[in-house]
Amino acid sequence: MTDIKYRPRRSCLYMPASNTRALEKAKTLAADTIIFDLEDAVAPDAKQEARDNACAALQSGAYGDRELVVRINAMDTPWFAQDLKQACLSQADAVLVPKILNADDIAQITKFMEEQDASLTTKLWAMIEMPQAILKLAEIAALGAQQRLTTFVMGFNDLAKEMRADHDRAIFGSVMTQTVIAARAYGLNVIDSVYNDFNDPDGLTAECIQAKKLGFDGKSLIHPVQIETANRVFAPSADEIAAAEAIIAAFSDPVNAGKGVIVVDGKMTELLHLKQAKQLVATAQAIETLAQ
Ligand code: COA
Ligand code: MG
């Protein structure tokens, strides 16, 4: 069964695993998660080299506490099986599989992973980027959560292409909401898509704020310059932490003992808000621990 202990995934930075300079640079970057890409960002002739680089990076121990994920090639490609096998044997924290269509894909991948090593700790992440997957979100999440799936990652470059739509954020609002709901219904993490225009910090900030409001854990990134924004926006703000601490303090005040609903800062506050406040403080603490 999936067991998800909270860890920050505010900033999930992709890099082509064929780019050794980027792999080197990543050792010094403040991204919570590094995604070594073997798929879209790697040309066919460089696939083998990229896989070797990613495995060497995984085994190097040079990336500190950063979570290390490998995005492998899709199931219908000639690279898939070897990518998956090598990523598992190199003990990636997770493999991210693109072009997932349905729950059966998840079952097949899980089976393959367990055949490599029954005691494998590597988790499965799924790209949500195909129209078929959007139609099957609940089934994918439900089955996946009983197996190795811990995380959905939105892929709007591919989804726009498949839909023959403009890559306009406005059209993805309902898909984002559906994906967060499916993920949370089964206890999965959920990461927003990339922002291609990496020289536009304001556009990135707006997307991060929107995604955070919708419940996303963090954002996929493509360039180091984007990390600070994602880390800042997806972390609880000082005001949010202060408000959460005020709720926790109010509920532990003896005058409120045994009460299910109280007033804090002029607002109705229930036990569910207490739970939410504790979660927010725990998130802030996990981020602080990571920074140490
Ligand atoms: N991860 C780590 N380091 C990166 C990086 C990344 N994604 N993108 C750039 N860098 C590094 C460069 O290697 C360079 O390092 P240096 O200071 O040692 O020379 C530095 O950051 C500045 O890079 P810059 O010149 O601004 O970028 P670029 O023009 O070389 O590359 C991209 C631009 C978009 C091609 C590149 O950022 C990239 O490949 N991004 C990831 C693409 C990807 O993985 N896509 C798949 C998911 S959609
Ligand atoms: Mg893609």
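Within segment 154-187, count every residue that is within 16 Å of ligand 1 (Cβ to nearest atom), assigned to a helix (DSSP H, G or I) and within 14 Å of Leu137 (Cβ to Cβ).
Kept after step one, since they are within 16 Å of ligand 1 (Cβ to nearest atom), are these residues of segment 154-187: 154-162, 167, 169, 172.
In the following step, the residues that additionally are assigned to a helix (DSSP H, G or I) were identified as 156-162, 169, 172.
The next check asks that each one be within 14 Å of Leu137 (Cβ to Cβ); those that pass are 159, 172.
Residues meeting the conditions: 2.
Scanning segment 189-242 for residues that are within 16 Å of ligand 2 (Cβ to nearest atom) and more than 14 Å from Ile34 (Cα to Cα) yields Asp192, Ser193, Tyr195, Asn196. For Asn196, are the conditions met, namely being polar (S, T, N, Q) and more than 30 Å from Ser119 (Cα to Cα)? Yes: the conditions hold for Asn196.
Looking at the structure I just gave you, is Ala30 in contact (Cβ under 8 Å) with a residue 60 or more places away in the chain, within 23 Å of Ala286 (Cβ to Cβ) and either within 16 Å of ligand 2 (Cβ to nearest atom) or hydrophobic (A, V, I, L, M, F, W, C) (or both)? Even if it seems obvious, please write down each step before you answer.
Numbers: in contact (Cβ under 8 Å) with a residue 60 or more places away in the chain: yes; within 23 Å of Ala286 (Cβ to Cβ): yes; either within 16 Å of ligand 2 (Cβ to nearest atom) or hydrophobic (A, V, I, L, M, F, W, C) (or both): yes.
Yes: the conditions hold for Ala30.
Right, Val190: within 16 Å of the chain's Cα centre (by Cα), within 12 Å of ligand 1 (Cβ to nearest atom) and surrounded by 22 or more Cβ atoms within 10 Å (Cβ to Cβ) or not? No. For Cys208, the conditions (1) assigned to a helix (DSSP H, G or I); (2) touching a residue at least 40 places away in the same chain (Cβ under 8 Å); (3) buried (at least 23 other Cβ atoms within 10 Å of the Cβ) all hold with the exception of (2). Which one of these does Ile100 not meet: (1) buried (at least 21 other Cβ atoms within 10 Å of the Cβ); (2) more than 19 Å from the chain's Cα centre (by Cα)? All conditions are met except number (2). Cβ-Cβ contacts under 8 Å between residues 6 or more apart (or on different chains), taken from a first residue in segment 228-239 that is outside the structural domain of Ala277 (by TED's automatic domain parsing) to a second residue that is polar (S, T, N, Q) and exposed (fewer than 13 other Cβ atoms within 10 Å of the Cβ), are absent.
Report yes if Thr110 is more than 16 Å from ligand 1 (Cβ to nearest atom), in contact with a strand residue (DSSP E or B) (Cβ under 9 Å, 6 or more places away or on another chain) and assigned to a strand (DSSP E or B), otherwise no. Spelling it out, it is not the case that Thr110 is more than 16 Å from ligand 1 (Cβ to nearest atom), in contact with a strand residue (DSSP E or B) (Cβ under 9 Å, 6 or more places away or on another chain) and assigned to a strand (DSSP E or B).
For the criterion of being touching an Asp or Glu at 6+ places or on another chain (Cβ under 6 Å) and within 16 Å of ligand 1 (Cβ to nearest atom), Asp93 fails. Ala138 meets the stated requirement of being more than 22 Å from Cys12 (Cα to Cα) and either modelled with pLDDT under 95 or in a helix (DSSP H, G or I) (or both).
The residues of segment 1-34 that are under 21 Å from Arg232 (Cβ atoms) and modelled with pLDDT under 95, listed by number, are Tyr6, Arg7.
The values are calculated or read from the model by the stated rules, or taken from the named source; none is laboratory data. Keep in mind that what you see is a predicted model, and the values were worked out from it rather than measured. No Cβ is skipped: glycine too gets one built from the backbone with ideal geometry, and neighbour counts run over all protein chains shown.
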